[in-house]
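K.L.:
Below is the structure I would like to discuss, written out as structure tokens.
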Amino acid sequence: MIVVATAALALASVFAGTAQADPTGAPTYRELAGTGSDTTQTVLNGLSEAITIGGTKVLGSYDARGTATITTKDVATNPNCTFTRPENSGQGVTALKNNINSGDGCVQFARSSSNSAAANPDMKFIPFAIDALTYAVRSDSAVPKKLTKAQLTAIYTCTNTAFKPLAPQFGSGTRSFFIRSIMPTGTVDSAGLFGVGGQYPCVSDKDAGGGDIQEHVGTYLTDTRHLLPYSIAVYNSQVYGNAPAAQGKAVLGTVDNIQPTNLNTSSVFKRDVYNVIPADKLEVAPYSTVFVGAGSAVCQRADVITRYGFGVAPNCGVPVQ
């Protein structure tokens, strides 16, 4: 997983066609439809292609970015399943919760890059892969490409104002995890945490046009003083063509002298990522068949999980409490 920028850009153009945004091919509408985290959208796309039951694809994973609305079920049988596309972990979990409450049958699972199981007792968060975060800067950056965790904290708490820190939009699982990892203990994430009038006004979660910053998009780095939390697995997928190329001029920084290629063993900001299902479906097929236990279809496809730059979670398939 050694990243060489010039070769990577070439590879990205060659293999860009391997990525997909929403389910393609037959069947058009899958038994298990899911939305949410952009961190895990590409690996779930890969799993959706690889996992079948009785020869039929059962996973339908809808990306966090794309058309404004998505349709997850056949309108002829379920006309209520066209809705605004969830853009992050929080919105994906909310879409699942809304489905649990309404019983519409439009969404069966959510992708989440953070664990909010304690706040959602009606759902089960099931780890399947390991990711890690670092920070990204431009290749011509004025920000050091080696920082300590303490230095990142100083930058994001506005103690060090020499740089221009960026953060993903509120609701992002990456944002939530990053805040828990580097901000002072007890920091509560909110839509007003960053930006003018916020607790930390030097941090921006908006782009130059005032739009929300999406996760893992290097083109937001428009200033040589910018830095942005970034998934190591997603970056490598973008660079090597397993995800759409969105890295732009971004390169990954080193935290506490641990290179960002060592994402699954010793990275400072290592984390589990999750598939989320209704709690009452834990022992119901195909939820149980696909997601639950070490023998589940997802956990048995280590080849797909690692292809997208992730590590297989040692507790794959075991719901967190």
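The values are calculated or read from the model by the stated rules, or taken from the named source; none is laboratory data. Since the model is a prediction, treat every value here as computed from it, not as a measurement. Neighbour counts run over all protein chains shown; Cβ positions are idealised from the backbone, glycine included. For the accessible areas, the whole protein counts, side chains as well, though only heavy atoms, and no ligand, DNA or RNA atoms are used. Shrake-Rupley method; radii C 1.70, N 1.55, O 1.52, S 1.80 Å.
K.L.:
Find the residue count for the range 157-186, including only residues that are within 22 Å of the chain's Cα centre (by Cα) and within 26 Å of S141 (Cβ to Cβ). Quick ask: steps written out before the conclusion?
P.N.:
Looking only at the range 157-186, we keep the residues that are within 22 Å of the chain's Cα centre (by Cα), and these are 165-183.
Checking the rest, the ones that are also within 26 Å of S141 (Cβ to Cβ) come to 165-170, 172-183.
Looking only at that region, the number is 18.
K.L.:
Can I ask one more? Give the residues of the range 117-143 that are closer than 15 Å to T254 by Cα and either modelled with pLDDT under 95 or of a type in the set (A, V, I, L, M) (or both), sorted by residue number.
P.N.:
So in the range 117-143, the residues closer than 15 Å to T254 by Cα come out as 132-139, 141-143.
Across the range 117-143, the qualifying residues are A132, L133, A136, V137, A142, V143.
K.L.:
Pick from the range 288-319 the residues that are open to solvent by 30 Å² or more (accessible area, probe 1.4 Å) and in contact with a strand residue (DSSP E or B) (Cβ under 6 Å, 6 or more places away or on another chain): which of them is farthest from M123 (Cα to Cα)?
P.N.:
Per the stated criteria, the residue is A302.
K.L.:
While we're looking at this one, here's another question. Limited to the range 104-151, what total is found for residues that are assigned to a loop (DSSP other than H, G, I, E, B) and either of a type in the set (A, V, I, L, M, F, W, C) or under 30 Å from T72 (Cβ atoms) (or both)? Walk me through it before giving the result.
P.N.:
At the first step, the residues of the range 104-151 found to be assigned to a loop (DSSP other than H, G, I, E, B) are 104-108, 113-116, 120-122, 139-145, 148.
Now narrow it down to the ones that are either of a type in the set (A, V, I, L, M, F, W, C) or under 30 Å from T72 (Cβ atoms) (or both): 104-108, 113-116, 120-122, 142-143.
Summing the residues that are assigned to a loop (DSSP other than H, G, I, E, B) and either of a type in the set (A, V, I, L, M, F, W, C) or under 30 Å from T72 (Cβ atoms) (or both) in the range 104-151 gives 14.
K.L.:
Test A250 against the criterion of being open to solvent by 10 Å² or more (accessible area, probe 1.4 Å) and not basic (K, R), and give yes or no.
P.N.:
no
K.L.:
Let me ask something additional. Does the range 138-156 contain any residue that is closer than 30 Å to L47 by Cβ and in contact (Cβ under 8 Å) with a residue 60 or more places away in the chain? Give the derivation first.
P.N.:
So in the range 138-156, the residues closer than 30 Å to L47 by Cβ come out as none.
Within the range 138-156 (the criterion being closer than 30 Å to L47 by Cβ and in contact (Cβ under 8 Å) with a residue 60 or more places away in the chain), the answer is no, since none of the residues qualifies.
K.L.:
While we're here: Only one of (1) surrounded by 19 or more Cβ atoms within 10 Å (Cβ to Cβ); (2) under 24 Å from Q41 (Cβ atoms) fails for I182. Which number is that?
P.N.:
In the conditions (1) surrounded by 19 or more Cβ atoms within 10 Å (Cβ to Cβ); (2) under 24 Å from Q41 (Cβ atoms), I182 misses (2) alone.
K.L.:
A further question on this structure: Quick check on my filter: what residues within the range 51-85 are open to solvent by less than 30 Å² (accessible area, probe 1.4 Å) and under 25 Å from R307 (Cα atoms)?
P.N.:
I51, V58, L59, G60, S61, Y62, D63, A64, listed by residue number.
K.L.:
Considering A167, A142, which residue is small (G, A, S), under 21 Å from V217 (Cα atoms) and open to solvent by less than 20 Å² (accessible area, probe 1.4 Å)?
P.N.:
Numbers: A142 fails: open to solvent by less than 20 Å² (accessible area, probe 1.4 Å).
Residue meeting the stated conditions: A167.
K.L.:
Which of the numbered conditions does S114 fail, given that it passes all the others? Conditions: (1) modelled with pLDDT of 95 or more; (2) in contact with a Phe, Trp or Tyr (Cβ under 9 Å, 6 or more places away or on another chain).
P.N.:
(1)
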